[in-house]
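Computed from the coordinates by the stated procedures, all read-outs in this text should not be read as laboratory data. Source: prediction; values computed, not measured. Every residue, glycine among them, receives a Cβ derived from its backbone with ideal geometry; neighbour counts consider all protein chains shown.
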There are 2 protein chains.
Amino acid sequence: MPETYYIIPKDKHDSLVTKAYLKRGYDVAEAAAGARFCASAAYYGIRTHNAIKALHLDELFGSKVGRWTPGAKIEKLPSRFAAAEIWNGHNKLGQAVAYEAMDTCMKLADKFGVGMVSVDNATHYLWGGGYVMDAALKGYLAYTNCTSATSEVVPFGGKTPTMGTNPHSWAFPTQDAIGFPIVIDWATSTIAMGRVQVMKREGKQLAPGCAVDAEGNPTTDPNKAVALLPFGAHKGYGLGLIDELYAGYIGGSLPQIRGTKLGGEGEKRGSTFYFQVIHPDAMKGNDYVKGRSQIQNVKAIIEDVLGHGNEKCMLPGQPEARWGGLSKQHGGLLFTKAEIEELNHLAHEVGEAAWNLADFKSVQV
Amino acid sequence: MPETYYIIPKDKHDSLVTKAYLKRGYDVAEAAAGARFCASAAYYGIRTHNAIKALHLDELFGSKVGRWTPGAKIEKLPSRFAAAEIWNGHNKLGQAVAYEAMDTCMKLADKFGVGMVSVDNATHYLWGGGYVMDAALKGYLAYTNCTSATSEVVPFGGKTPTMGTNPHSWAFPTQDAIGFPIVIDWATSTIAMGRVQVMKREGKQLAPGCAVDAEGNPTTDPNKAVALLPFGAHKGYGLGLIDELYAGYIGGSLPQIRGTKLGGEGEKRGSTFYFQVIHPDAMKGNDYVKGRSQIQNVKAIIEDVLGHGNEKCMLPGQPEARWGGLSKQHGGLLFTKAEIEELNHLAHEVGEAAWNLADFKSVQV
């Protein structure tokens, strides 16, 4: 059923979000990165990670509880490796760190073909897909992973959540081939804990293989579900473990207590980020058949995958591209009434007048 | 139920495999790489990708059908990128190319922190886990992907197999932390086609979500299954797509006809390989708590994941490590009677006397 969305001018959105970050003590550059990120999430329809979530996370884990440090400076550690930087984020706002890291990776990739930035003492960057999509739109293959703020996932064959939902995000600069970048971006749990809560509210059962109860037994009852299972059994478990291992090498701490206040005296509570960019020329074999260019070759392969009766398949990144098309078409960021009510809490926080629905055009989507 | 394994001295195994490759026209270095790989697969219990499979693939797709080129020279393309090499494999034996590529990646990682090699006109490297494990045992984080020889996987939401089972392999140098390298290594299909054939032979049903019939409808009947589904729905589909996209950028051709003889005039039939290595010092944040070293930090995290009631969980790479322990303990490579009969076909091919079971010690595993 179509829903009503109100079209918020991007400037108006960015102004509010910037003020909210400034109000919480973040510096101008951090607030700008925060606003840029939230606008990007809204533009591409990532409603789970827009301004509402970003500022709410800052309350739960961030500046409001003294765990994220407004105005912190990134410390770039000395490194003997030309294509790899190692940063101590000193709990600086994740979006600011992530954008700068991705910019650095692109510069390294321009020079070396591949570049990477590892970030210790990181906070939360919200939607990894946004950073890799951004790099893809600039022409690069990009990848990021991070450890989640808390640990909600049970290792395959286990009972207790000792791993994060640990996302991976990859993007490919396919916009010249198919009109948008392919963005493969998901958590390594079968579903999100937010989904469990929705099902609980709606009185519905979970699919098998999503969650376990307090005893670590599989359950489809959202009222009993206390922890999540990795997607794809041992395969998703391995993918989630990758993030924990990256964190281990970088400097992260015990996953079971990550994001908590309890136990683990002397352990860190933060996450780690890892970013990597590849220049497409650095993998250009130049032996494409039928006189195809590199991007024409990529296009031919995508069309082959989605041909032969597979025309109805979606490509990863396609929903984001569709929503971005709507945002472009309507000349603003699309928010529901309920979302605008949430944003008005931010308006109140920064001492701005509440937004009035009647002031915005609306559209049914 | 325990099975009887015969302990084959590694020298005897390597001699036979080397002769088989030489007999098929491969040069001395290729034959040595082929033997090294097969010994490694057998040593770590990768029975699906030992000498029997390696030489059988060479019959199906390789030198016997004129698609792999014994003695081919790797052409290293000029590249303006210091940390990335691009190779034209000219259909050289995959194991020889993969070992050399991984060696190159390690040298690049020593210098730049991260290094990568992309290989166009590649053949088949059999077990990606072997190459990344090898690099991990030398102290590096390693990754590889490749497109499979043929396309057996239906994109999520589709009907027709237009993607390979497209594996990903990651390894981490965790041996000093937990005694063995963690090796995360699997195909992006839920199961292998070989597994479908086993279930057919045994008259058993497949689990839901593994396969589709000729009309593209999901089936649990192995007699009707003609193509595979990606693991984890859209998530595994995305992972399989990554390999196709890498191939697209490198120079691979249409996936649906890969490995076939039919249609696609002017298209390539081969695969592509991608290799990447990271030096652990290039992600060393040096802010490990409690005075831990990097590897002690990794160890603490792994112990935390596998603690708290998760003690029975396996780590990826653990089965390989266990089998490697058996091989070491018994001082040779463990093969069953049926496998030795298969190896005797190779002995016959190279004009060597068949192996006699009575000549080998045996062990129940």
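Just in segment B:157-259: which GluC sites (Glu not before Pro) are loop by DSSP and have at most 12 other Cβ atoms within 10 Å? Don't skip to the end; give the middle numbers.
Values: sites: B:202, B:215, B:244; in loops: B:215.
Listed in order of number, the matching sites are B:215.
Per-residue HN-Hα couplings for segment B:235-248, Karplus 6.51 cos²θ - 1.76 cosθ + 1.60 at θ = phi - 60°, whole Hz, x for Gly and Pro?
So the Karplus estimates, Gly and Pro as x, are 6, x, 4, x, 5, x, 5, 3, 5, 5, 5, 4, 4, x Hz.
Please go through the residue pairs A:200/A:312; B:23/B:92; B:10/B:76; B:76/B:111; B:19/B:328; A:12/A:107 and name each one whose alpha carbons sit more than 21 Å apart in this structure. Could you put the intermediate results ahead of the total?
Numbers: A:200/A:312 32 Å; B:23/B:92 16 Å; B:10/B:76 33 Å; B:76/B:111 19 Å; B:19/B:328 24 Å; A:12/A:107 32 Å.
Over 21 Å apart, Cα to Cα: A:200/A:312; B:10/B:76; B:19/B:328; A:12/A:107.
If we hang a label 7 Å off Cα along the beta carbon direction at residue B:200, how far is it from the matching labels on the other copies, in nm, shortest first?
Once sorted, the set of distances for residue B:200 reads 4.7 nm.
How high is the relative contact order of segment B:213-365, in percent, with contacts defined as C-alpha pairs under 8 Å that are six or more residues apart?
8 percent
Does segment A:189-309 come out rounded, prolate or oblate, given a ≥ b ≥ c as the square roots of the eigenvalues of its C-alpha gyration tensor, rounded meaning a/c under 1.5 and, failing that, prolate meaning a/b above b/c?
The shape class here is oblate.
How large is ³J(HN,Hα) for each residue in segment A:177-190, as worked out from phi by the Karplus curve 6.51 cos²θ - 1.76 cosθ + 1.60 (θ = phi - 60°), to whole Hz, x for Gly and Pro?
These are the phi-based 3J(HN,Hα) values: 8, 10, x, 7, x, 6, 10, 9, 7, 7, 7, 9, 8, 4 Hz.
Would you mind calculating the relative contact order of chain B from Cα pairs under 8 angstrom and at least 6 residues apart, reporting the percent as a whole number?
23 percent.
For the modelled label position 7 Å from the Cα of residue A:111 along Cα-to-Cβ, which residues of segment B:97-113 have backbone nitrogen atoms closer than 14 Å?
Label zone hits: B:112-113.
Which residues make up the longest stretch of chain A that has no trypsin sites (Lys or Arg not before Pro) in a DSSP loop with at most 13 other Cβ atoms within 10 Å? Working shown, then result.
On the way: sites that count: A:73, A:80, A:204, A:261, A:312, A:361.
Looking at chain A, A:81-203 is the longest stretch - no exposed trypsin sites (Lys or Arg not before Pro) with at most 13 other Cβ atoms within 10 Å.
Taking the Cβ of residue A:260 as the center, what net charge do the other residues with Cβ under 10 Å away carry, scoring Lys and Arg +1 and Asp and Glu -1? Each step should come with its number before you reach the end.
Numbers: positive: A:258, A:261, A:269; negative: A:267.
Its environment carries a net charge of +2.
At a threshold of 8 angstrom on Cα-Cα distance, excluding pairs fewer than six apart, so keeping six or more, what relative contact order does segment B:48-107 reach in percent?
24 percent
Would you tally the net charge around residue A:132, using a Cβ to Cβ cut-off of less than 12 Å, leaving residue A:132 out, and scoring K and R as +1, D and E as -1?
That works out to -2.
Counting only helical runs of four or more DSSP H residues, what would the 222 nm mean residue ellipticity of chain A come to if each run contributes -39,500 (n - 2.57) and the total is spread over all its residues? Before the final figure, lay out the partial values.
Numbers: 11 runs with 139 residues, N = 365.
So the helix-based figure for chain A works out to -12000 deg cm²/dmol.
Work out from phi, with θ = phi - 60° and the Karplus expression 6.51 cos²θ - 1.76 cosθ + 1.60, the ³J(HN,Hα) of each residue of segment A:126-134, listed in order in whole Hz, and give x for Gly and Pro.
6, 10, x, x, x, 6, 6, 4, 4
Any chance you could check the Cα centroid distance between segment A:54-119 and segment B:273-313 for me, in angstrom?
Going from one Cα centre to the other spans 20 Å.
In the neighborhood of residue A:64, defined by Cβ-to-Cβ distances under 13 Å, what is the net charge if each Lys or Arg adds +1 and each Asp or Glu adds -1?
Here the count lands on 0.
With springs only between Cα atoms under 10 Å, which of A:143, A:249, A:21 fluctuates most in a Gaussian network model of chain A?
Fluctuation is largest for A:249.
Quick check on the exposure proxy: order A:212, A:350, A:183 from fewest to most C-beta atoms within 10 angstrom.
Placing the least packed residue first, the sequence is A:350, A:212, A:183.
Considering only chain B, pick the residue with its Cβ nearest the axis of the rotation onto chain A, and state the distance in whole Å.
Minimum Cβ distance to the axis, with residue: B:232, 2.
What are the distances, in nm and sorted shortest first, from the label point of residue B:311 to the label points of the same position in each other copy, with each label point placed 7 Å from Cα along the Cα-to-Cβ direction?
5.9
What length, rounded to one decimal in nm, is gained on full extension from residue B:356 through to residue B:296, with 0.36 nm per residue of separation minus their alpha-carbon distance?
Result for the pair: 16.8 nm of gain on full extension.
Given label points at 7 Å from Cα along Cα→Cβ, what nm distances, shortest first, separate residue B:347 from the same residue in every other copy?
Relative to the other copies, residue B:347 has label-point distances of 8.5 nm.
If you look at just the Cα atoms of the protein assembly as shown, how large are its Rg and its Dmax in Å?
26.1, 91
So, R0 is 60 Å and r is the distance between the beta-carbons of residue A:138 and residue B:201; what FRET efficiency does that work out to, to 0.05?
Computed FRET efficiency for residue A:138 and residue B:201 comes out at 0.70.
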